[in-house]
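Below is one structure; the comments refer to it alone.
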Amino acid sequence: MATDLMTGAPAASAQAFIRIRDVHKSYGAVSVLNGISLDVAQGEVLVLCGPSGCGKSTLLRCINGLETINRGDICVGGRNVETANPDTLQRIRLSTGFVFQNFNLFPHMTALENITIAPMKILGTPPRIATEQGRKLLEQVGMAEKANVYPFQLSGGQRQRVAIARALAMNPTLMLFDEPTSALDPEMREEVLQVIRKVHQEHNMTMVVVTHEIGFAKSVASRAMLLDAGQIVEEAPARAFFENPAEERTRRFLRAIIND
Amino acid sequence: MNYTFQFGVLTEYGPYLAGGLWHAWWTSFPSIIITTILGVVLAAMSMSRRWLLRGASVVFVDLFRTLPVVVLLIWIHYVMPILTGVSFSPTVSSIIALSLNGAALACEAFRGGLEAIPATQTQAAQSLGFSRWKVMRYITLPQAFFATLPSLTNVHITVIKNVTVTVLIAVPEVMFRAQELTVQFFRPLEFYTGAAVLYVALIWGYALLMRMLERLQKWQPI
Ligand SMILES: Nc1ncnc2c1ncn2[C@@H]1O[C@H](COP(=O)(O)OP(=O)(O)OP(=O)(O)O)[C@@H](O)[C@H]1O
Ligand SMILES: [Mg+2]
């Protein structure tokens, strides 16, 4: 953690849990991330906003080592994601929960099985204990009575709550949320946001949340930033970011999502 | 056409002809099992990160998909013993030939099924800490299995039909016995029609069984 070589990097806090320096990522000729640098401290909640296609999902996938980057460094919990061997990469992923826009539940498993499969097959948790923990988690997200139901029988909001429970089952210290509510009907959004709030309060977990839910962001996030064309346009404490943004680009973006 | 039907011969020799089904089944059943297992392994290999495994899978599939089963069978039964000194019974030679051919077809079927699983399933599993192998074992293969069942059934039916070529190396299955009886009694129409009916019944029965297996799927893709 000692060396901060890159230029233009934000002042690195000593306990930065995620440390991203000058990350570039392109798919073939299309460059998606153009020099991203940011720090997320332990226990901090960072909200990421930005227009469609600006690279938000790509950035989250890079933090989880699901994509390789072309240049720069990403460290999570002091481990470099890019140079990690498979064992280290697995350890990084075990300490990180990922919640996807389209839930990505395993359709061939019941809600409970979705939650218990990873503890059982990866951590070696005995089935009885994994099931007990799984039921507790389902209860926490208000899905106790749907334990033995398959994902196709659940509503979008219910699927996302199971997906959150699935990520929590691995006891992560970091959660990445990629537009967790944007695929949901407005009535279902609040039930999912409520669960995320609760997770934050109960575990004081470090979180990176891609969302355009301003009310939620203001109440939970410590910081917010706008990503546009693969670059950070503005970064500020959440309240200031949403109520009094410094950049014209941010003001335009916020107007656009409010009018949505 | 002035052929006088005498299906009467079937009442006497029908049971002998039908007994050939026993041999047909014991040639095709092991072949179906090997075909399926080898097909899954080849499909998994074809998606490996190691080029050697991928290459081996491609060579295997291309070779045995293009080699006509009759050529393969004759080669294994008559040529291989000359080269290696190892020879097999007609049934074992047949099982080997049918399995190699079937595995190449099954590999393609499984690969189609695996590739149809969205990449987001793999990402979700990897983000939970699943290794590439465990993703396949617990997430993609079980989902691909049901998606592949209809085309896998077709591969299995091809394998069962291919049993008829084993007549060339004298596996005493239905076609072989029909030929035997025809030579003896000069009643080709009766005996070969009998053989046709028996094979159709076997394959229908098998397809029905597989249809029942499809019903075991309790979930739906989303
Ligand atoms: N696997 C891929 N191959 C090629 N291009 C990709 C791939 N994934 C993303 N892209 C491209 O990268 C750019 C950024 O995609 P990304 O999904 O990160 O955007 P986003 O900010 O999450 O957008 P959205 O709000 O629509 O989810 C897009 O232009 C997209 O077309
Ligand atoms: Mg996205």
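The values are calculated or read from the model by the stated rules, or taken from the named source; none is laboratory data. Please read these numbers as outputs of a predicted model, since none were measured by experiment. Backbone-built Cβ (ideal geometry, glycine too); neighbour counts: all protein chains shown. To get the accessible areas, we keep the full protein, side chains included, count just its heavy atoms, and leave off ligands, DNA and RNA. Shrake-Rupley method; radii C 1.70, N 1.55, O 1.52, S 1.80 Å.
Among residues of segment A:28-68 being more than 20 Å from A:P180 (Cβ to Cβ) and within 14 Å of ligand 2 (Cβ to nearest atom), the one that is least open to solvent (accessible area, probe 1.4 Å) is A:L33.
Of all residues in segment A:37-59, which are more than 6 Å from ligand 1 (Cβ to nearest atom), in a loop (DSSP other than H, G, I, E, B) and within 19 Å of A:F242 (Cα to Cα)?
Narrowing segment A:37-59 to residues more than 6 Å from ligand 1 (Cβ to nearest atom): A:37-49, A:51, A:59.
So of that shortlist, the ones also in a loop (DSSP other than H, G, I, E, B) come out as A:42-44, A:51.
Correct list: A:E44, A:P51.
Of all residues in segment A:61-78, those that are at the interface with chain B (Cβ under 9 Å from one of its Cβ atoms) have Cβ atoms under 8 Å from Cβ atoms of residues that are at pLDDT below 95 and open to solvent by 50 Å² or more (accessible area, probe 1.4 Å), 6 or more apart or on another chain, in A:G65/A:E82.
Restricting attention to segment B:109-132, which residues are hydrophobic (A, V, I, L, M, F, W, C) and away from chain A (no Cβ under 11 Å)?
First pass over segment B:109-132, keeping only residues hydrophobic (A, V, I, L, M, F, W, C): B:109-110, B:114, B:116-117, B:119, B:124-125, B:128, B:130.
Matches in segment B:109-132: B:A109, B:F110, B:L114, B:A116.
Checked against (1) open to solvent by 70 Å² or more (accessible area, probe 1.4 Å); (2) away from every other protein chain (no Cβ under 14 Å), B:L216 meets all criteria but (2).
Could you check segment A:222-260 and list, in sequence order, the residues that are open to solvent by less than 30 Å² (accessible area, probe 1.4 Å) and among the polar types (S, T, N, Q)? Of everything in segment A:222-260, just one residue is open to solvent by less than 30 Å² (accessible area, probe 1.4 Å) and among the polar types (S, T, N, Q), namely A:T250. Across segment A:176-230, the number of residues qualifying as within 16 Å of ligand 2 (Cβ to nearest atom) and assigned to a strand (DSSP E or B) comes to 10. Of all the numbered requirements in (1) within 14 Å of chain B (Cβ to nearest Cβ); (2) among the hydroxyl-bearing types (S, T, Y); (3) without any contact (Cβ under 8 Å) to a residue 40 or more places away in the chain, A:T116 misses one, and that requirement is (3). Determine whether segment A:157-168 contains at least one residue that is among the small types (G, A, S), open to solvent by 10 Å² or more (accessible area, probe 1.4 Å) and not in a loop (DSSP other than H, G, I, E, B). No, that holds for no residue.
Looking at segment B:173-185, which of the residues that are out of contact with any Gly (no Cβ under 6 Å at 6 or more places or on another chain) and crowded, with 18+ Cβ neighbours inside 10 Å is farthest from B:A106 (Cα to Cα)?
Filtering first and then ranking leaves B:L181.
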